[in-house]
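Structure first, commentary second.
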Amino acid sequence: MNLNRDNMKKAMGLILFTVLLFVGLQNTKLVGEALRYVLGLLAPFLIGGCLAFILNVPMRFFEKNLFTGTKATKNKKLLKMKRVCSIILTLIVVFGVVVIVLFMVLPELYNSITAIGTELAAARARVPEWLDQISTAVPAFEKEILSLKESWLEIDWKEVGAMVVQFLQNGSFLSDTFNFATSVLNGVTNALIGLVFAIYILMQKETLGRQFRRLFYSFFPERRVDRFLEICGLTSSSFNSFLSGQCLEAFILGMMFFVAMSIFKIPYALMIAVVIGVTALIPIFGAFIGCVVGAMLIFILSPMKALWFLVLFLVLQQVEGNFIYPRVVGSSVGLPSIWVLSAVTLGASVAGIIGMLFAIPVFSVLYTLLRETVRARVKERAIDADKIK
């Protein structure tokens, strides 16, 4: 290798990277704390960027359908008014949906908590009756059930109440509660700052785009920047399609549960349908969270109806997972059904809920890039089409 100026720069950069990597591996705790500190400082801006990306989807819809006349496309004041009105309408729609969901869930949740309190007060007398019924229906386990009944009757409920009060008065519990409240307050503050930052991004997104393109083209090769911007455009399109499809799928699933639970007269139909619809925004597995909440609420009132609810959930989940989700979400991002399931499974194993949310659009981008590369290489190598079929 010739030791010219460019090669010397590459060698020095490689040596510096190696040294920094070695020092980082030797001080992983310090590096982790530094990263957490930096992420804490950047949290409002990262949240703002994510909110801007999400809010841009409905905002573009309003922009395309507002002020569509020729005057609006030429008049700068009307163009600016168009952007402002689109952002305002987007915020109204988003906050309106949140408020409607809360007003639908909170009254039902209050009634549920009241009913649960009433049922728990009577559960002490009902549990022995249930155990007697079970022992009559299943005589093979009569001794075990009678032993369980005796253990239940021997419970000192005053002592249990005293233990609960002592636990709540424990200093660690109070400190944990305070830390949780502090983290929630910090999260709300970061979200509000991020929302303001997102509005600024949406107002000036074209200007920011030009500035970043100018920055990239001034420091990196033109061919690489062209390819990078192409991938960014593909990623944006994939995420927008995924977000739209996921919201549509969650709405369909929630309506299915509301109609089915109303037909079979299962309690808490509206609240559970809303909860399942909201949790279904988490791909494929999110509805199971709503299922657990719903089953627990229904079980307090009627164990048999809770069992029927689980059966109904399994049936609707199979319909949704095999027919609705792959076609609504998979078709919107251009990803085959088998790869949708693979993406969600792999994303969940790598990064939990966040991984599940981002796995499908990321897989869609990788699938599209790989498909283009494979087709180009097959064409370049002049492979017979009959061999590929």
Item to check | Cβ-Cβ under 6 Å pairs, at least 6 apart or on other chains, segment 88-108 side of a type in the set (S, T, N, Q), far side surrounded by 14 or more Cβ atoms within 10 Å (Cβ to Cβ) | outcome: Thr90/Leu55; Thr90/Pro58; Thr90/Met59
Checklist entry - Just to be sure, is Lys389 over 30 Å from Ser262 (Cβ atoms) and at pLDDT below 75? => result yes
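One line per residue, one yes/no per condition, for (1) more than 29 Å from Ile193 (Cβ to Cβ); (2) at pLDDT 75 or above:
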site	(1), (2)
Asn2	yes, no
Asn7	yes, no
Leu16	yes, yes
Leu30	no, yes
Arg36	no, yes
Checklist entry - Is it the case that segment 157-164 has a residue that's more than 30 Å from Val311 (Cβ to Cβ), of a type in the set (D, E, K, R), modelled with pLDDT of 85 or more and surrounded by fewer than 12 Cβ atoms within 10 Å (Cβ to Cβ)? => result no
Next on the checklist: Just to verify a result, which residue in segment 292-302, among those that are out of contact with any Ser or Thr (no Cβ under 6 Å at 6 or more places or on another chain) and touching a residue at least 24 places away in the same chain (Cβ under 8 Å), is nearest to Pro361 (Cα to Cα)?
Outcome noted: Gly294
Checklist entry - Within segment 361-386, how many residues turn out to be in a helix (DSSP H, G or I) and modelled with pLDDT under 75? => result 2
Checklist entry - Would a scan of segment 300-318 turn up a residue that is assigned to a loop (DSSP other than H, G, I, E, B) and either of a type in the set (Ser, Thr, Tyr) or at pLDDT 80 or above (or both)? => result yes
Checklist outcome for this item: segment 200-280: helices (runs of 4 or more DSSP H) wholly inside it with 2 or more residues that are among the acidic types (Asp, Glu) and either modelled with pLDDT of 85 or more or surrounded by 15 or more Cβ atoms within 10 Å (Cβ to Cβ) (or both) are 222-263
Checklist entry - Quick check: anything in segment 319-342 in a helix (DSSP H, G or I), at pLDDT 80 or above, touching a helix residue (DSSP H, G or I) at 6+ places or on another chain (Cβ under 8 Å) and not small (Gly, Ala, Ser)? => result yes
Checklist entry - Name the pairs whose Cβ atoms lie under 9 Å apart, with the first residue in segment 38-65 and more than 13 Å from Leu195 (Cβ to Cβ) and surrounded by 12 or more Cβ atoms within 10 Å (Cβ to Cβ), the second modelled with pLDDT of 80 or more and among the charged types (D, E, K, R), and 6 or more positions between them or separate chains? => result Asn56/Lys205; Met59/Arg83; Phe62/Lys82; Glu63/Lys82; Glu63/Arg83
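The values are calculated or read from the model by the stated rules, or taken from the named source; none is laboratory data. Computed from a predicted structure; not experimentally measured. Positions of Cβ are backbone-derived with ideal geometry, glycine not excepted, and every protein chain shown enters the neighbour counts.
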